[in-house]
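First comes the structure, then the notes that go with it.
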Amino acid sequence: MTTETPSSTSAPGEAESGGPRVVPTLEMVAALAGVSRATVSRVVNSSPKVTQQVVDAVNEAIEKLNYVPNRAARSLASRRTQVIALVVPETTAKVFSDPFFATVVQGIALYLSDTDYTLNMLISSETKSEKTRRYLMGGNVDGAIVVSHHSGDHSYAHLGQSLPMVFGGRPLAAEGESYFVDVDNAAGAAGATAHLIESGRRHLATIAGPQDMPPGLDRLSGWRRALSMHGLDQSLVEVGDFTPESGAAAMRRLLDRGVPIDGVFAANDQMAAGAYSAIYERGLSIPGDIAVAGFDDNFYGSTATPPLTTVHQPSHELGAKMAEVLVALIEGKSVEHVTTMPTQLLIRASTAV
């Protein structure tokens, strides 16, 4: 079923004297293309039962007449809303201050700009999670992308059984049934830590991310893996919440232990930036006294003094891939449950020998 809406530009048939505008209709498109109204409707709704020659003729007529199909009517016919939800279980303040979210959202939005889907962002921590779940399952969206999920957000993974859903990062629950796009966080962290060891550091600490989030868990695991391979102590661990303030507080706690520390791996660049301030507070130098490495590769690292050695993750491409996988799921295409994107260690002055 397709109905008409006014075009945003002047339609054919408008009187030269400025008379009433003639709104292009489905029948007008059919007449110009030399086909039936039903055939035009099939072309507009992307039916496979139309030859390419007819599709070309109808699209040419649509362009010439400036005809705009009614999206709501098309949704009724296809049983789709043409809306995708981006669910972020974080506070508004964190969402809009974290460069990772900004680039991921940009990647999602740019990919969807070439489709018929509209992006609807839900910051679910600002509302009750049950309200978000009701919205998702109420026929308001065709699918959802969930980023920055915590262990308490496992219910979103279960919703994937009823609604096409893709996670940014592996979910902590129902992994076998979920679709997710991620980087190998453990391998990236292990590589950064190995670099610190290869530069001669032997007393390594880490500022780990939240332990109810997959990146926090996996990056700590990678740090431990590298230390274990070299028989080094793994006790110098403090946890932050991925903010610069938490990184500074964690670094102070590490220094307050009064044990030797000559290298630190922070689970993201923001916490590494916080660690810088705590190190400088104690009159220590980077990398002379303590070498520092991070994870993400955003402006916190590139603008630090000295520039931060970090693990680059392609956050823009991560967002685009999440959108691509979700659109494929919605359209009934076969996709892999797990998509892993590459990381790269960027060596800068914060770990110089």
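Taken together, the values in this text are just the output of simple stated rules run on the coordinates, not laboratory data. Because the structure is predicted, anything quoted here is derived from the model rather than measured. Methodologically, a virtual Cβ is constructed for each residue, glycine included, from the backbone with ideal geometry; neighbour enumeration extends over all protein chains shown.
Neighbours of A352 by Cβ distance under 14 Å: Lys/Arg scored +1, Asp/Glu scored -1, total -1. Cβ-to-Cβ counts within 10 Å put R42, R282, R37 in ascending order as R282, R37, R42, the fewest first. The shape of region 178-301 can be summarised by an equivalent ellipsoid whose semi-axes, obtained from the alpha carbon gyration tensor, come to 21, 17, 13 Å from longest to shortest. In plain terms, the residue of S285, S41, S302 with the fewest other Cβ atoms within 10 Å comes first and the most crowded comes last, giving S285, S302, S41. Would you calculate the separation in nanometres between label points at I197 and A328, each defined as 7 Å from the Cα along the Cα-to-beta-carbon direction? Calculated label separation equals 3.6 nm. Per-residue Cβ neighbour counts within 10 Å put T81, T206, T115 in the sequence T115, T81, T206, beginning with the fewest. Charge tally for V311 (other residues, Cβ to Cβ under 11 Å; Lys, Arg +1; Asp, Glu -1): -3. Length gained on full extension, T305 to D114, computed as 0.36 nm times the residue gap minus the Cα-Cα distance: 64.8 nm. Here the Karplus relation 6.51 cos²θ - 1.76 cosθ + 1.60, evaluated at θ = phi - 60°, turns the backbone of region 40-56 into coupling constants of 4, 4, 5, 5, 4, 9, 6, 5, x, 8, 10, 6, 4, 4, 5, 4, 5 Hz, with x for every Gly and Pro. Modelled spin-label separation between Y280 and Q53, with each label point placed 7 Å from Cα along the Cα-to-Cβ direction: 7.3 nm. Separation of region 191-247 from region 24-51 is 61 Å, based on Cα centroids.
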